[in-house]
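Here's the structure we're looking at; comments come further down.
The values are calculated or read from the model by the stated rules, or taken from the named source; none is laboratory data. This structure is a prediction, so every number in the text was calculated from the model and none was measured. Here Cβ is always computed from backbone atoms with ideal geometry, including for glycine, and neighbour counts include all displayed protein chains. Quick note on the areas: whole protein, heavy atoms, side chains included, nothing else; ligands and nucleic acids left out. Shrake-Rupley method; radii C 1.70, N 1.55, O 1.52, S 1.80 Å.
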Amino acid sequence: MDSSANSLINPDARMGLAGAQPGAGAAGTGQPGGADGLGGLGGMGGNFTQRLSGLAQMRGNPRAPLIFAVALLVAIVAGLFLWSRAPDYKVLYSNLSDRDGGSIITALQAANIPYKFSDNGGAILVPADQVHEMRLRLASEGLPKSGSVGFELMDNQKFGISQFDEQINYQRALEGELERTIESISTVKSARVHLAIPKPSVFVRDKEAPSAAVLVNLFPGRVLDEGQVVAITHMVSSAVPEMPVHGVTILDQDGNLLTQPSTGSGLDASQLKYRQQIERNTQQRIDAILSPLFGSGNAHSQVSADIDFSHSEQTSENYGPNGNPQQAAIRSQQSSSATEMSQSGASGVPGALSNQPPQPASAPIVAGNGASGVTTTPVSDHKDSTTNYELNKTVSHIDQPMGGIKRLSVAVVVNYMQVTDAKGHSTMQPVTADKLEQVTQLVKDAMGFDAQRGDSVNVVNSAFSTEVDPDANLPWWRTRDMIALYKQIATYLGIGAVALFLYFVMVKPALRRAFPPPEPAIPALASPDEPILLDGIPAAEREGAVVEIETDSETLALESAKHKYERNLEFARGIARQDPKIVATVVKNWVSDER
């Protein structure tokens, strides 16, 4: 009987038994009503209600914000104090490899130096007052070790090393030195250099030029400009013997080729840039002189430049013919004269012929000046004269640099001019021939026209085509922008309508099923004339004494607790009226448990 009675009344029903009639307890136990037990149940419900009311009173306490503000102020002061006592950390090393980072951390732990990492893990931080000291101590231990080795690799050569190993070590050292040099550029984070040095050969036809491949890892948001790429290329080619400039290839970390190959015309990037610069400067000069005449946008020009990038050097020595010999300068002059004379009498080579008697004279013998009778006759007279004149000589040395302009071609198109008549009507009319001739002469002067090198200028006058605005003759509410705005508003209204439909058709009914409204209070089973007493006090007065609730200011939690308490109370009253014996047994058990 006791177990069945206990199972019939749940804990919530026990709270409701506080409103049962005192006669029920007297029927089972003979005691005057068992008011203490039922009053305890009512006290439990009252304690819960009092807790909720205490929470409401705490919310309404004017000192609560002050207490919260004081606690927050104390917490901030304590946090600032702890923060001020924390050491200021600065960067010891950054951009370290994993091997160097591990070695440095091991050295810091051995020296009992606190450290931490930066947010991205790319730097090691230590207290600011120990940065310089730790750098010197780590440098004495050879830390950090760079990822690449330089010529210090040659310091510890083993005895008896082979020529192949020596060549490999030299190549590794050269690559490491080039990497360090490239990494010294502020834009480059790290670099890798690979050298391809062929084996030397004694045969000229088998000789190959070395080449190099450079991979640069740039800092985020930075790029290498064209000048820096050219500088790296020349630096690498100059560091390796017999390496041509075009044998160096440079890539970035994304695989983009930074060294531009030569184009089909044989021009490199710098030469193309120079050509574009000349064309752009010439075009700007032409547009600047035509803009005041025709207005902005009414004259356009294009320039094509033919640049000579060949480098020529010429040396010549020319000899010209002499002009007037009388005016020519004499370098040297030499003259000589020789005369031979013959004598009568014996002469000749002694011998048989000279001893023969003389022949009869064919001409009378003319006596000489003296008595000797010897006569002389001239045989030959020879004169020689030599004169050396200075020659005309021209020696010229011509060194023609590359980048000269071979030819300029300019094309100019001019719009029709706007002419306004006396009535104020504006029309577009072509430019007169005289003015076009003036424009042509202005363009020639602006570009530096040279007929000998074959420059050409072509000026054309034509009406420019203008795009017609389709919304020009439409009212504002029919323009394309307004129609697009209407479509956008209609889209938003459609989305809102669909959302409202889904809420009222699906969401709201589901909420009603999930959270049904509270059930109404169970009406009292007793007659309205019979008063219900709790501890000798009418039930109406007892309920009013438990908690005073103002419906206008109570929260939803207090209202639900009140309704639950009333339902339990009415349920307990109904059980007490229907079967007083069960209530008496329950009260009896409570009393026996308390004793």
**Prompt:** Is there a residue being open to solvent by 80 Å² or more (accessible area, probe 1.4 Å), within 30 Å of ASP308 (Cα to Cα) and either touching a helix residue (DSSP H, G or I) at 6+ places or on another chain (Cβ under 7 Å) or part of a strand (DSSP E or B) (or both) anywhere in the stretch 403-415?
**Reply:** yes
**Request:** Show the residue pairs that are 6+ apart or on different chains and have beta-carbon atoms under 6 Å apart, the first residue being within the stretch 164-179 and under 17 Å from MET235 (Cβ atoms), the second being open to solvent by 70 Å² or more (accessible area, probe 1.4 Å) and not hydroxyl-bearing (Ser, Thr, Tyr).
**Result:** ALA173/PHE151
**Prompt:** If you take the residues in the stretch 269-306 that are within 35 Å of the chain's Cα centre (by Cα) and of a type in the set (A, V, I, L, M), which one is nearest to THR233 (Cα to Cα)?
**Reply:** ALA269
**Message:** Can you find, within the stretch 185-215, the residue that is most open to solvent (accessible area, probe 1.4 Å) among those that are small (Gly, Ala, Ser) and within 29 Å of ASP252 (Cα to Cα)?
**Reply:** SER186
**Fill in**
Of (1) outside any loop (DSSP other than H, G, I, E, B); (2) in contact (Cβ under 8 Å) with a residue 40 or more places away in the chain, ILE185 fails just (1)
**Asked** Which helices (runs of 4 or more DSSP H) sit wholly inside the stretch 488-586 and have at least 1 residues that are open to solvent by 90 Å² or more (accessible area, probe 1.4 Å) and at pLDDT 65 or above?
**Response** 508-514, 556-578
**Request:** Go over the candidates ASN217, ASN256 one by one and state the one that is closer than 25 Å to GLY150 by Cα and under 21 Å from the mean Cα position of the chain (by Cα).
**Result:** ASN217
**Message:** For the list (1) open to solvent by 70 Å² or more (accessible area, probe 1.4 Å); (2) at pLDDT 75 or above, I need the number of the one condition that SER462 fails.
**Reply:** (1)
**Item:** Selected residue (criterion: modelled with the lowest pLDDT) from residues of the stretch 62-88 that are touching a helix residue (DSSP H, G or I) at 6+ places or on another chain (Cβ under 8 Å) and open to solvent by 60 Å² or more (accessible area, probe 1.4 Å)
**Value:** PRO87
**Asked** How many residues are of a type outside the set (Gly, Ala, Ser), open to solvent by 40 Å² or more (accessible area, probe 1.4 Å) and either closer than 14 Å to ILE182 by Cα or in contact with a helix residue (DSSP H, G or I) (Cβ under 6 Å, 6 or more places away or on another chain) (or both) when one looks only at the stretch 227-248?
**Response** 5
